[in-house]
Each structure stands twice: as C-alpha cells, then as structure tokens.
Amino acid sequence: MSNKMWGGRFETGPDAIMEEINASIGFDYRLARQDIQGSKAHVAMLAKTGIVTEEDAAAIAAGLDQVLGEIESGSFTFSRALEDIHMNVESRLAALIGPTAGRLHTARSRNDQVALDMRLWVRDAVDALDVQLRDLQRALAAKAKTFAGTVMPGFTHLQSAQPVTLGHHLLAYVEMLGRDRGRLHDARVRLNECPLGAAALAGTSFPIDRHMTAEALGFDRPTANSLDSVADRDFSLEVLSAASICAVHLSRFAEEIVLWATVQFGFAKLSDKFSTGSSIMPQKRNPDAAELVRGKTGRIIGALNGLLIVMKGLPLTYSKDMQEDKEGLFDAVHSLSLCIAAMTGMVNDLQPDVERLKKAAGAGYATATDLADWLVRSLKMPFREAHHVTGAIVKLASTKNVGLEELGLAEMQGVEPRITQEVFGVLGVDKSVQSRVSYGGTAPRNVMAQADRWLERLQQE
Ligand code: ARG
C-alpha cells in the first residue's frame, strides 16, 4: 500500500529497507510537544484568516490536545510506516476527528513544520541548560567563598608556578560558565524567528498571517526568506558549538578533579556519591563521574562535527540529509545536561585537603616570582636582572634540596649582597597570595569580593 499522506502518484509502498532508512519516528517522537504546539498555533491562524472554519479549527485543536495527552500518557502507538512525528500525529488526528484533520496541513509543509519544531525544541533546551548552568555557578561561587583564603599551587605546564587560592581557581570556572551562558543566550536571540508559513520552500498563496503564528509561539518575528527558513540549521549548529565549548570547560575541570583525587596529588576527596570502587582492588576509589564528564565531551563535539558535515554540501533548500540533524543534537543536549548535573553534585560534595594544598603550594619554588618582585621593589633592580638573580638563588636552594625560605640570609647574600632580612616577609605562600591584589588577582580579599559579586548576581536571576 502506498503512503496515505503522500502516496497519490505511487503504485506500491516502500521497500522494507526504504522504510527503515527513511523513518525518523524512532528519534523525532521527542518533538511531539513542539509539533502539536506549532500545529495548534497554525490552525488558530487558519481560522482567524478564514482559511478554515472556526468549527473545523476547534475540532482540530481539541483533537491535537487529545493526541498530545495520549503521547504523554504513553498510550500512543508510534508507527514506522508513518515515517515521522508529523505524520504520526496527523494520522492519529484523522482517526480521532475524521477527514477534517486533513485541513490542518493547509498552507504548510513538513519542511517548515520540522524547521519550526526544531527551533522550538532547541529554544526549550537552551532555557533548561541555562538554569542548570546557573545552579552550577552558584555551587562554585559558594565553594569559592568558603575557600577564598585557601592556598594551593597554581600551575602552568602542569608545573608549580605561583601559589593561588582555591577560591580563585573555582571562580575561574564561574567566569567560563558565564560566557557559556552568554553564547547560548546569543544563539537563542538569533534563533527566535518563526519559519512557519515558509511552506515547502516558496511561501504560499493562501492569505496566512505569519506574524500571528510567530507571536503565538513566542518568537520575535517571522523569518524573512522562505528558502532560508526551510534550508538552514545554523541555530542547531550554534547551540552545538556553545554546548561543545561548555563541555570542554567541564571536561577540563573534570580532568583536574581526577588529578586532585589521586593519592599523588591528594588535593581533594570526592564523596562516595560520585566515586566507585573496584571489583578487584579493594583500596580503590575511582572518580568515575568526573571521568564520564570528560568522556562525554567527545560525543558532544562529535555531534557538532556530524551536523557540520551533514550540512556542508547541501544545495538550497531542504534535502532529506537534514533529517540527520536530530539524533546527535538530542544526544548532545542530554549529555551536556547530565554532565552539568554531575559536576554540580561533585562541586557541592568536594572536600579539599587544606593542609595538603598549602604544603603543595610552597613546593617547587613557587614563590620565586615573589623574590624577584621583592628585588625589583626593594633594590630597584630591573626585572630581567632580578629574574636572573632569583634563578641563581633557586639553583642554590635546589642543590641544597631546601625551600627558598629555608636558605640562610648569608647564603642569599652570597648571590646578591644587598638582600636584607626583610626578604623573608615575601617568601611564604600566604604572603604571596595576599600580595596579589591587582584587579582579577588571587588575593583572598579579591576572591571574597568576586565570590560575593557572583553570588549576589546569581541570586537575582
Ligand atoms: N522527518 C523529516 C525531517 O526530519 C521531516 C521533513 C520531511 N520533509 C520532506 N520533504 N520529506 O527532516
């Protein structure tokens, strides 16, 4: 039997493989709510403009509500022969209200319908991710406030560089997530135009009111070019790009948590809730949640790459290739949402080892820059020369296998005779971080102020 919706000129139905490769219902059933929301706005507009009667529109709207109820309660039977969510919904509507159902698709095509559904879905996804990211920022800022004065090693090249505070480190992620939210927000602003009414590709001869449907669906305006409306998926690409960047941020933090939780670093303990044991090695506590956040980043970036590749060779306008825009996107959004939730839990439960962090902060001559800065300030030495002198002092300490503060004054004076007792005031890690008061620097009072600023801002959202 040929397809009820489009099989007029066909004599036979599709080959079994054709049905399998063609069907999207296995994944686009997720668009059911958006599809019905769009159809209701469309039929209300068809009635308002006199394209269908008020009675028909009322019957269609009531039928659509019933279909949605069946889908949400799980009693709906999806059919692969009906290809996709659009035809599954319409077919069920016809079963419920009869031939009147056929009027719904006036002045519309599945091309503008699916473009609309996707925009609505992506918009909902962006809004949900934004709330989750805000909650993660709150968790990080609260931790940052608690540990505003906790010194830890700051790294470059994963080598001890300069002491920083843990609060400062956590607030770095709050900043990154703030930009991630900004990117999602920007994408949302650009996607918020309604493609409904572009029809198959050229627009329609019916006297539709595209402003009415755009407004009813919460869009800022209708899209201005019918070809563009059905042909592009840049809104999904933008959100996938923003999601990928965000996932990269979470992945880097996850990697740090993995390192911090090792016996070798010992910087922090992950709670039992976010660790697992080993079936063979009884001593193990594995940071699986952090590893999975790191790992899932691969599929999120993969979804972005996948869709870029699907789109890159398509002539205008719609091609069936574009049906491949969905699974990767759905999976990426779901994965990112899981990652944010897991990260929020891990941040809330993270127990830093303050003593160990402090000890590690001083290791590796991390206050060498403070010594060089002291030489510049107190002896008016040019920085390059101070750098050189400090290098010689570090070399001496390292030969003797002691920390900078453990060298005697006489030993330092052996390198630079003008050094005085005062130098010991800058060699400790606490002094070091306290001195970094430049705007954006790691001094505890800066960190406290930044944490408060964020907490207040996030509270008001
Ligand atoms: N399932 C299709 C998709 O997701 C809907 C649009 C079909 N359009 C068409 N001209 N066959 O892309």
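None of the figures in this text is laboratory data; all of them are computed from the coordinates on show. All of these numbers come straight from a predicted model, not from anything done at the bench. Here Cβ is always computed from backbone atoms with ideal geometry, including for glycine, and neighbour counts include all displayed protein chains.
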Item to check | Share of pairwise Cα separations in region 33-142, more than 22 Å, in percent | outcome: 40 percent
Item to check | Hull-based mean projected area of region 182-316, where the convex hull spans the alpha carbons, in square nanometres | outcome: 12.4 nm²
Checklist entry - Out of Thr442, Phe424, Leu407, whose Cα points farthest toward the positive end of the dipole of region 396-461 (charges: +1 Lys, Arg; -1 Asp, Glu; placed on Cβ)? => result Thr442
Checklist entry - Using helices alone, what [θ] at 222 nm do you get for the chain, with -39,500 (n - 2.57) per DSSP H run of 4 or more residues, divided over all residues and rounded to the nearest 500? => result -20000 deg cm²/dmol
Item to check | Percent RCO, i.e. relative contact order, over the chain, from Cα pairs under 8 Å lying at least 6 residues apart | outcome: 17 percent
Item to check | Convex hull per residue volume in Å³, alpha carbons only, for the chain | outcome: 202 Å³
Checklist entry - Setting aside same-chain residues fewer than 8 positions from Lys143, which aspartates and glutamates have a Cα under 13 Å from its Cα? => result Asp135, Asp349, Asp452
Checklist entry - If we count every other residue with Cβ under 11 angstrom of Asn225's Cβ, Lys/Arg +1 and Asp/Glu -1, where does the sum land? => result -3
Checklist entry - So what's the angle, to the nearest 10 degrees on a 0 to 90 scale, between helix 166-191 and the longest Cα principal axis of the chain? => result 20 degrees
Next on the checklist: Give the separation of the Cα centroids, region 58-134 to region 156-195, in Å.
Outcome noted: 36 Å
Checklist entry - So what is the relative contact order for region 1-95, in percent, with contacts set as C-alpha pairs under 8 Å and at least six apart? => result 37 percent
Next on the checklist: Helix 288-311 against the longest principal axis of the chain: what's the angle in degrees, Cα atoms only, rounded to the nearest 10?
Outcome noted: 50 degrees
Next on the checklist: Given an 8 Å cut-off on Cα distances and at least 6 residues of separation, report the relative contact order of region 183-277 as a percent.
Outcome noted: 26 percent
Next on the checklist: What does the C-alpha gyration tensor say about the overall shape of region 195-247? Classify as rounded when a/c is under 1.5, otherwise prolate if a/b is larger than b/c, or oblate.
Outcome noted: oblate
Checklist entry - Considering amide H positions built from the backbone, and no H for Pro or chain starts, which residues 5 or more places from Asp232, or on another chain, come under 5 Å of its amide H? => result none
Checklist entry - Taking the alpha-carbon centroid of each part, what is the distance from region 367-383 to region 432-461 in angstrom? => result 26 Å
